[in-house]
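Comments concern the structure below.
The values are calculated or read from the model by the stated rules, or taken from the named source; none is laboratory data. Owing to the predicted nature of the structure, the values given are computational and were not obtained by experimental measurement. Reconstructed Cβ throughout: ideal geometry from the backbone, glycine too, with neighbour counts over all protein chains shown.
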Amino acid sequence: MSEPLLSVDGIDVFYGDIQVLYGLSLEVREGEIVTLLGSNGAGKTTTLRAISGIRPPSAGDVRFRGRSLVKLPAAARAELGISLVPEGRELWPQLTVRENLDLGAYHPRVRKSAARNLEKVYAMFPRLQERSAQVAGSLSGGEQQMCAIGRALMGEPTLLMLDEPSLGLSPILVEQVMRTVADLHAAGITILLVEQNLRKALEIAQRGTVIETGRVRLEGTSAELAANPEIRAAYLGI
């Protein structure tokens, strides 16, 4: 079997003296959508931060295409093709939509193709083109999520990580976001998805990993997890 695109191997992560992840391991193969499941505080966001370099692990390893990332800063990981759409979007609210998107293409690998990538983002999210001169802080929640995803796409990611992309959105917008994630996957982007709407996440993902209190509790295909009585009772309300 080929080397996974992403391997997380036994990482411990702390915030000060508080340990949040305990020997956590997972892998994502090229072309997959893998979803991280778990309750609030389980460690899902911290896992994405450890992969992206925002919160480096104190033990264990994170490898991308077989290369260890633990000594690489976050900017260098973005240069390799790892993009994060953070929880809460974290746009620059006083900058325009266009300026936020342009900042997604800051690293040298993609700077030369920024104009072409901007056209692709506008084609995927026509509303962003309409709002290009508007400050990002004045956008609706759904528009802000489009902008955050668009900013990540400007970096031409090989691995796109999304942290709660449907958080705070109406049911109609949740459907749109999930279709967007599926479309990005169909376009060839490998995706690691943290999503509060577990039913929707399992519909579009191939595999899932369940985290409880910073440890991997269960792993399996989406069909296996959706059929698991514990998962159905704890997360799907069935």
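What the table shows:
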read-out: Some residue of segment 6-25 being of a type in the set (S, T, N, Q), closer than 20 Å to I204 by Cβ and modelled with pLDDT of 95 or more; value: no
read-out: Cross-chain or 6+ apart pairs with Cβ under 8 Å, segment 55-82 first and over 21 Å from I189 (Cβ atoms) and β-branched (V, I, T), then loosely packed, with under 15 Cβ neighbours inside 10 Å and modelled with pLDDT of 95 or more; value: V70/D61
read-out: Test: residue in segment 62-73 that is farther than 19 Å from M154 by Cβ and of a type in the set (S, T, Y); value: yes
read-out: Single match in V62, V34 (criterion: buried (at least 18 other Cβ atoms within 10 Å of the Cβ), in contact with a helix residue (DSSP H, G or I) (Cβ under 7 Å, 6 or more places away or on another chain), at pLDDT 95 or above and not in a loop (DSSP other than H, G, I, E, B)); value: V62
read-out: Extreme residue, farthest from the chain's Cα centre (by Cα), among residues of segment 89-148 that are under 19 Å from R179 (Cβ atoms) and part of a loop (DSSP other than H, G, I, E, B); value: S140
read-out: Residue match in segment 153-176 (condition: in a helix (DSSP H, G or I), crowded, with 20+ Cβ neighbours inside 10 Å and either touching a residue at least 60 places away in the same chain (Cβ under 8 Å) or of a type in the set (K, R) (or both)); value: yes
read-out: Test for R98: is it of a type outside the set (V, I, T), modelled with pLDDT under 95, buried (at least 17 other Cβ atoms within 10 Å of the Cβ) and out of contact with any Pro (no Cβ under 7 Å at 6 or more places or on another chain); value: no
read-out: Residue pairs meeting the criteria (Cβ under 9 Å; at least 6 apart or on separate chains; first under 15 Å from R49 (Cα atoms), in segment 8-30; second among the hydrophobic types (A, V, I, L, M, F, W, C) and assigned to a loop (DSSP other than H, G, I, E, B)); value: I11/V70
read-out: Candidates G43, G60, filtered to the one that is under 27 Å from K200 (Cβ atoms) and not charged (D, E, K, R); value: G43
read-out: Residue count, segment 83-105 (criterion: β-branched (V, I, T) and in contact with a helix residue (DSSP H, G or I) (Cβ under 6 Å, 6 or more places away or on another chain)); value: 2
read-out: Looking only at segment 106-118, and only at residues there that are touching a helix residue (DSSP H, G or I) at 6+ places or on another chain (Cβ under 8 Å) and modelled with pLDDT of 90 or more, the one that is surrounded by the most Cβ atoms within 10 Å (Cβ to Cβ); value: L118
read-out: Unique match (being under 15 Å from the mean Cα position of the chain (by Cα) and surrounded by 22 or more Cβ atoms within 10 Å (Cβ to Cβ)) among I11, I51; value: I51
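Yes or no, residue by residue, for (1) on the phi > 0 side of the Ramachandran plot; (2) without any contact (Cβ under 8 Å) to a residue 24 or more places away in the chain; (3) aromatic (F, W, Y):
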residue: L91; (1), (2), (3): no, no, no
residue: Q94; (1), (2), (3): no, no, no
residue: K112; (1), (2), (3): no, yes, no
residue: K120; (1), (2), (3): no, no, no
residue: F125; (1), (2), (3): no, no, yes
residue: V135; (1), (2), (3): no, no, no
residue: Q145; (1), (2), (3): no, no, no
